[in-house]
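The values are calculated or read from the model by the stated rules, or taken from the named source; none is laboratory data. What you see is a predicted model; the values in this text were computed from it and never measured. Every residue, glycine among them, receives a Cβ derived from its backbone with ideal geometry; neighbour counts consider all protein chains shown.
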């Protein structure tokens, strides 16, 4: 199914330059432009540095992401987190500065090591454009992993990274910013992040059902339109 969709697309899955949008205070997105296997890239700017969410497929796309960060701020990219191990989400990490701290769930690291090479081979067989993007990829391992929850301090506000039971993959990673109207980043589409009513309790935290979610679709409020998932 995925291979057929990508072949029909007939375009290289490139992260767009010059399309970055501010969606909340401190929070920016490079939208996927409705392109398959291009994620919505997150850029979260704090007083002491930047957290980037996902890299795009391969170092070429990651360089585009880093150039977009430079248009927003001169602050360093202090952290990179990845929503799940699929090639279009994290297989550009090698392009990030050596000083950038890469952090994501322990389960995601294990899944990358087990399934990543096979996933790269599968994607590379779809088109020459995808093969060219993935050919230079070298896996960059995380500096920090966590089992259920981690907190990143960007100087003036915290960002929480959350992992629980498997959904789209075994290592799904959710990015939660309570201070910016409950903005939530997610990379999985098979399983809803929030119930249709009530509140979802995450240990000591509650996520509002009206939270804005950004994943593999144009930035939108929950309940509007459909979501693709790979």
With respect to residue 98, is the statement that it is at pLDDT 90 or above, surrounded by fewer than 21 Cβ atoms within 10 Å (Cβ to Cβ) and part of a strand (DSSP E or B) true? no
All but one of (1) under 23 Å from residue 79 (Cα atoms); (2) at pLDDT 95 or above; (3) buried (at least 18 other Cβ atoms within 10 Å of the Cβ) hold for residue 120, so report the exception by its number. (1)
Identify, please: which residue in the stretch 1-25 is under 22 Å from residue 75 (Cβ atoms) and modelled with pLDDT under 90 and is, among those, surrounded by the fewest Cβ atoms within 10 Å (Cβ to Cβ)? 25
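Across the stretch 137-169, what is the number of residues that are assigned to a loop (DSSP other than H, G, I, E, B) and under 10 Å from residue 106 (Cα atoms)? Before you say what the answer is, go through the steps one by one.
Here is the first cut: in the stretch 137-169, the residues assigned to a loop (DSSP other than H, G, I, E, B) are 137-143, 147-148, 154-157, 163-169.
Now narrow it down to the ones that are under 10 Å from residue 106 (Cα atoms): 142, 147-148, 163.
Here the count works out to 4.
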How many residues are part of a helix (DSSP H, G or I) and in contact with a helix residue (DSSP H, G or I) (Cβ under 6 Å, 6 or more places away or on another chain) when one looks only at the stretch 120-136? 7
Output the number of residues of the stretch 50-92 satisfying the condition of being on the phi > 0 side of the Ramachandran plot, touching a residue at least 60 places away in the same chain (Cβ under 8 Å) and either assigned to a loop (DSSP other than H, G, I, E, B) or surrounded by fewer than 24 Cβ atoms within 10 Å (Cβ to Cβ) (or both). 1
